[in-house]
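This report refers to the structure that appears directly beneath it.
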Amino acid sequence: MKIKTLSAIAAMLVSTPFVAVADEADKDANLVVNGEVELVTRAPAPAHLEGAVDEVISGWLFRTSETQSLQMDDFDNPGMIFVDQAMDDWGTAVGSEGKSCADCHGAVEDSMEGVRAVYPKWNETAGEVRTVAQMINECRTDRMGADALGYTSAAMARMEALISMQSRGMPVNVAIDGPAQETWEWGKELYYTRTGQLQMSCANCHEDNYGNNIRADHLSQGQINGFPVYRLKNAKLTTPHGRFKGCVRDTRAETYGTGSDAFVALELYVASRGNGLSVEGVSVRN
Amino acid sequence: MEFTRRDTLALGLGAAALTVLPIRAVAAWDDVITAFTGGAEVGEGGLTLTAPEIAENGNTVPVSVDAPGAAAIMIVATGNPTPNVATFNFGELAGSQSASTRIRLAGTQDVVAVARMADGSFVQTQSTVKVTIGGCGG
Amino acid sequence: MAIGVKPRVKAPKTAEVGEVVTIKTLISHKMESGQRKDGDGNVIPRSIIHRFTCDYNGVNVIDVEMHPAISTNPYFEFEATIPEAGDMVFTWYDDDGDVYTTTKTVAIG
């Protein structure tokens, strides 16, 4: 068999599932949760993306109708199990100070409303940009006398999910100017930096090729407005840094550490690419 | 990419060989069904199996079965190392003989549902689910 | 007891006599299939919920035999007939001998 034939077979192998999956994605669907919470899954791109993309699109629109429907009802969404668990955690005292989250913050519905929409955010006291996960750990170590949670641990992911739920439906609106600008610029640089043996940057997949397929995966814009995300792949919540690590690793690179300054900067930048999309609370993806 | 006649032929053969692969014998899924039916004759009709044509991830595939008047419905994944998936036994207060769940499929395969009707007869139906393998492990 | 097992049930609080209602259940459970291997190549032993039942005032609604092909965090949706006010009891049976139950009360009206 000639090499050309082999490559033709390879081409067919590669292309067949691609077409099938792409056809399955329902790009015009509307995301309404529980028949009442309407989420924005398409928005005009924020000004800083001029020349890069015209429209920002939630990863939800890149999924099949079966996967999409899992996020349209809070009971069908398996991620809500973990929100329930985090609600228990919220009221449970931990650490040497004998305090729970609720002891300082009261009802999560009130105190955490809108928080997720504006994070990562410049923290004046710390003099740096902080993520929600970092703030959770600061509370634990500095005010509760408890151990820090693993940055991408299950306990951290579910607390982030509970907090994210309190901003569901609000537009992502992270600040990229003022004191946060320097971090944001670094995040942007990282986004466009090719890494690993495959020499791929975030942009190669998520800016240049969204809507196309990489093997059988339908590439999204890599938005993080839906995070934490319940992934069908491993049936648990994944945090932004957990996902970044997976992506960078797939370029066959040594990854930045979860919770590292580099990933915090990247999180701010990637979040800013979704300014205008709704916080989805807990999304469901493949 | 140009395809000569010979290439196209070879391509067809290669594709044929590939399509055979997913239905290689794995485990005796028909034995699992026989254990359920007791070897009785299995008919068709009156049983609906709803499964996606393409599953984005084999780890969580939504499936539904519906067989008005059934006593029990079994789901079998013919290509799984353990073909048994679930058997729904409907009680006196079942509002319908239907149920939905989420299942694991080891790869592209036929999913089979078998219903034992109230009169002791059996019906069967099946659906092919293509399981895609993602490009990104992250 | 398996760690972090938490049932969720969606059932109506009220129903008409004879009404058919939709029930959804979800329970957090890893459903370890017995097919996976750990980093050292040893098979991770099977540990699943192998049976789920729903009864209403002691009368069975559905009784499900479950195998390792049921996904992590098992989900079921089915319908029940409500003949009178009462308690709907949901029970999950774990391989390790644990039994998880939760009850929903349904009123008529």
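Worth pointing out:
- Here each label is just a point 7 Å from Cα along the line to Cβ, and for residue B:126 and residue C:57 those points are 4.4 nm apart.
- The distance from the alpha carbon centre of region C:1-69 to that of region A:84-103 is 28 Å, rounded to a whole number.
- Across region A:129-138, coupling constants 3J(HN,Hα) worked out from phi with the 6.51/-1.76/1.60 Karplus curve, θ = phi - 60°, read 6, 10, 8, 4, 4, 5, 5, 4, 5, 5 Hz, and Gly and Pro carry x.
- If R0 is taken as 35 Å, the Cβ-Cβ distance between residue A:253 and residue A:50 corresponds to a FRET efficiency of 0.75.
- DSSP-assigned coil residues among trypsin sites (Lys or Arg not before Pro) in region A:100-180, each with at most 16 further Cβ atoms within 10 Å: none
- Rough spin-label spacing in nm, given labels placed 7 Å along Cα→Cβ, for residue A:177 and residue B:64: 5.0 nm
- For residue B:69, neighbours were defined as the other residues whose beta-carbon sits under 13 Å from its Cβ, and their charges (Lys and Arg +1, Asp and Glu -1) total -1.
- FRET efficiency estimate (nearest 0.05) - Cβ-Cβ, residue C:6 to residue A:142, R0 45 angstrom: 0.90
- Take the Cα of residue A:124, go 7 Å toward its beta carbon, and the backbone nitrogen atoms of region A:173-215 under 20 Å from that spot belong to A:174-184.
- The lysines within cross-link reach of residue B:130, meaning a Cα-to-Cα straight distance under 30 Å and a gap of 8 or more places when in the same chain, are A:2, A:4, A:27, A:233, A:236, A:245, C:24, C:30, C:37.
- Helical mean residue ellipticity (222 nm; -39500 (n - 2.57) per DSSP H run of 4+; nearest 500) of chain A: -11000 deg cm²/dmol
Read-outs throughout are calculated quantities, based only on the coordinates presented, and are distinct from any laboratory measurement. As the structure is a computational prediction, the values presented were derived from the model and not from experiment. Here the Cβ is made from the backbone with ideal geometry for all residues, glycine too, and neighbour counts use every protein chain on show.
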